[in-house]
Amino acid sequence: ALMEQEAAQRESEELRRVRWRPRQVSGWGLPQLLWYLVFLKPVITEVHLRRKNVQFLFIRFSAWQYAGTDKLWAGLVTTLCEGIRHHYGALPFSVYSVLSNKPVTSAGFYQREWHCRCRVCLVLLALLAALSLGVGLLYLSLSGHALGHALGHASGSGSVLKAFGGAATTLSGSGLLMAVYSVGKHLFVSQRKRIERLVSREKFGSQLGFMCEVKKEVELLTDFLCFLEIYQRRRLRVVLEVTGLDTCYPERVVGVLNAINTLLSDSHAPFIFILVVDPSILAACLESASNMKGTADNGYHFLNRTVTLPFSVPIMGRRTKLQFLHDAVQSRDDLLYREITRKLRSPGGGRSSRDNTEAEHLLAVEMHPGAEHAQSRIDAEAARRIQEALLCLHDARDCLYEYVPDNVVSMRRIVNTVPITVRLLLQQQPQGNFRGPTPRQAVAWVVLANQWPCRLSWVLQCLEDGQQAGGAPQGRARLWNVFCDNSRELHTMTEALKNVLDLDGDPELFERFLGADFPFTVDEAQSLLRCTVNLDHSIRRRMGLIRAVSTLKPPSPPKSPARDVSHAINGAANKASTSDAEHAFRHASNAHQPSDWAKGGKPRPLA
């Protein structure tokens, strides 16, 4: 929107300066554009280079759509060609492809922007003259033949005129038909189809000729845009938004970046590429790509050489985050549809049971009237609690939104998980008893599992191991205290759990979350764990296996006689005096040979 606003402002300033309105390329301006394409040649002058008004053409490219192909970068080029063809129309580009009206640069301070294409005009006039001459000769030959029949004698000159007329008509007509055929061929067979055909030829695709053909198509597209710049009296910039690149294979990522560098290698190329990617993932893809060894050992250096204007999206402000959360919540209004339709189908809702369709009968659950009434109460309470929980999520007076990440995808994950969690909580409660965790606690637990899956899984695993060993903490104990008591052991597993720990958010926020704002207890965690759907339980199983292996102790060595001697000394010291203890020590050393004392070693202290 800001780029469009900047373009409109520049357009108005240029109109005040030169008072030349830009030409249109659609509607009534299309015949004029075709005339310029055929008979006039553009010239890049100083006047054109000093123009400041610009028009942006936005094209979106999702790399995920072409992730399965070997030539992902070819998909980028075809999307670019197809977007420009769709914006300006297929006919102008087809005419330009046949006539190849490439702009030339003027020498000196030349102000005239258009030259007559004398060669095209002469060729066209020659073809039309030959066609007219041929038609005239054929007409004369037919007229002379008819007159000869009327006079009763044949004319030899009529056959000669007929032969020359037919030849002239055939040659001129075939020339015009070939031009029309070439335009029609480019009209129905677009650049995208031609490049896709080249890609499908495996033998040709591995050769240098493939890249040469693609380069020709790109140069043709660039020259066409330059022609339109001079025709429209404005600068053109094609903005290609590249998304989904961080979800592709490393080799595909390298191919797209190489294609971007190739398209931008020309200093006059009217292209602007916007890469919407996660730099950490893209750098890792570049470093792991087999064809980039030695070139992109450090992926960040390669990105710095490619990206000319880095822009890292800053942290969301308070109002922006609340607005995004509100929009995500509003998109989940369909969760209340079941409760609304149930009320409409009730006797007070104005609909009878006869209106139910066959599909509703097939999907209905057979239950007795009491269970159906209880389920309707649960649905009504679930709808109320879901709405209350979602309101807590984007309430400016609550601190919960501060723990939600600045990521629209994560926001939607949380919003989509809250209704399921609340419904499962109510389904597990005894009938008629809607106690247990509050909606605010439920949505806070969803945020906790989404933001710190590794640390939460560690706490839950410690609780499970404590219950199995019979030393579990009390139900009123806080989860933060359990984490603090076992954090040293988790620190020893950082190497084994490196990838899992990378999933967690800010550790300081985790401490504030469990320590101050949401002090969950062991009992609350146990009740919420049964309805937790956004926590990967494989993380806990992995932690449990690592912890079980780390607790294994090596087999104890055989007992040393010196250790038995020390035990004997300790027992004797409790019953006798110092001299008696010495006597017992010597007696024990004689009874257990060979001992440390017998080998000349000193006895162990009596500590």
* To do: Determine if the stretch 469-490 includes at least one residue that is more than 28 Å from residue 406 (Cα to Cα), free of Cβ contacts under 8 Å to residues at least 40 places away in the same chain and either among the aliphatic types (A, V, I, L, M) or not assigned by TED's automatic domain parsing to the domain that holds residue 545 (or both).
  => yes
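Among the helices (runs of 4 or more DSSP H) contained in the stretch 411-523, which hold 1 or more residues that are of a type in the set (Phe, Trp, Tyr)?
Filter on the stretch 411-523 gives 439-451, 453-469, 479-491, 507-512.
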* To do: Just one of (1) out of contact with any Leu (no Cβ under 7 Å at 6 or more places or on another chain); (2) under 30 Å from residue 413 (Cβ atoms); (3) at pLDDT 80 or above trips up residue 309, so point out which.
  => (2)
* Structure fact -> Checked the stretch 408-461 for anything among the aromatic types (Phe, Trp, Tyr) and at pLDDT 85 or above; matches are 445, 452, 458
* Asked: So which pairs qualify, if the first residue must be in the stretch 492-510 and outside the structural domain of residue 400 (by TED's automatic domain parsing) and of a type in the set (Asp, Glu), the second must be surrounded by 10 or more Cβ atoms within 10 Å (Cβ to Cβ) and assigned to a loop (DSSP other than H, G, I, E, B), the Cβ gap must be under 6 Å, and the two must be at least 6 apart or on different chains?
  -> 504/452
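How many residues, within the stretch 524-537, are assigned to a loop (DSSP other than H, G, I, E, B) and surrounded by fewer than 16 Cβ atoms within 10 Å (Cβ to Cβ)?
Final tally of qualifying residues: 3.
Assess whether residue 14 counts as being farther than 16 Å from residue 224 by Cα, surrounded by fewer than 16 Cβ atoms within 10 Å (Cβ to Cβ) and touching a residue at least 12 places away in the same chain (Cβ under 8 Å). Spell out how you get there, then give the answer.
Details: farther than 16 Å from residue 224 by Cα: yes; surrounded by fewer than 16 Cβ atoms within 10 Å (Cβ to Cβ): no; touching a residue at least 12 places away in the same chain (Cβ under 8 Å): yes.
Judged against the criteria, residue 14 is not a match.
Which of the helices (runs of 4 or more DSSP H) contained wholly in the stretch 1-81 include at least 1 residues that are in the same structural domain as residue 257 (by TED's automatic domain parsing) and among the charged types (D, E, K, R)? Steps first, answer last, please.
Working: elements: 2-18, 29-39, 46-49.
Per the criteria, 2-18, 46-49.
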* Any chance residue 269 is modelled with pLDDT of 80 or more and small (Gly, Ala, Ser) -> yes
* Within the stretch 377-436, how many residues are more than 33 Å from the chain's Cα centre (by Cα) and among the polar types (S, T, N, Q)? -> 5
* To do: Kindly indicate whether any position in the stretch 238-248 is over 30 Å from residue 10 (Cβ atoms), assigned by TED's automatic domain parsing to the domain that holds residue 75 and more than 15 Å from the chain's Cα centre (by Cα).
  => no
* To do: Considering only residues that are at pLDDT below 75 and polar (S, T, N, Q), look in the stretch 112-151 and name the one that is farthest from residue 36 (Cα to Cα).
  => 143
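Among the candidates 57, 40, 15, 2, single out the residue that is closer than 30 Å to residue 121 by Cβ and not β-branched (Val, Ile, Thr). Even if it seems obvious, please write down each step before you answer.
Details: 57 fails: closer than 30 Å to residue 121 by Cβ; 15 fails: closer than 30 Å to residue 121 by Cβ; 2 fails: closer than 30 Å to residue 121 by Cβ.
None of the other options fit; the residue is 40.
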* Only one residue in 427, 451 is surrounded by fewer than 16 Cβ atoms within 10 Å (Cβ to Cβ), touching a helix residue (DSSP H, G or I) at 6+ places or on another chain (Cβ under 7 Å) and under 27 Å from residue 400 (Cα atoms). Which one? -> 427
* Asked: Can you tell me which residue in the stretch 409-424 is surrounded by the fewest Cβ atoms within 10 Å (Cβ to Cβ), limited to those that are without any contact (Cβ under 8 Å) to a residue 60 or more places away in the chain and out of contact with any helix residue (DSSP H, G or I) (no Cβ under 6 Å at 6 or more places or on another chain)?
  -> 409
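Can you tell me how many residues within the stretch 454-480 are polar (S, T, N, Q) and buried (at least 22 other Cβ atoms within 10 Å of the Cβ)?
Summing the residues that are polar (S, T, N, Q) and buried (at least 22 other Cβ atoms within 10 Å of the Cβ) in the stretch 454-480 gives 1.
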* In the stretch 261-320, which residue that is in a strand (DSSP E or B) and under 18 Å from the mean Cα position of the chain (by Cα) is nearest to residue 84 (Cα to Cα)? -> 273
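The values are calculated or read from the model by the stated rules, or taken from the named source; none is laboratory data. These figures come from a predicted structure and were not determined experimentally. Glycine gets a Cβ as well: all are built from the backbone with ideal geometry, and neighbour counts include every protein chain shown.
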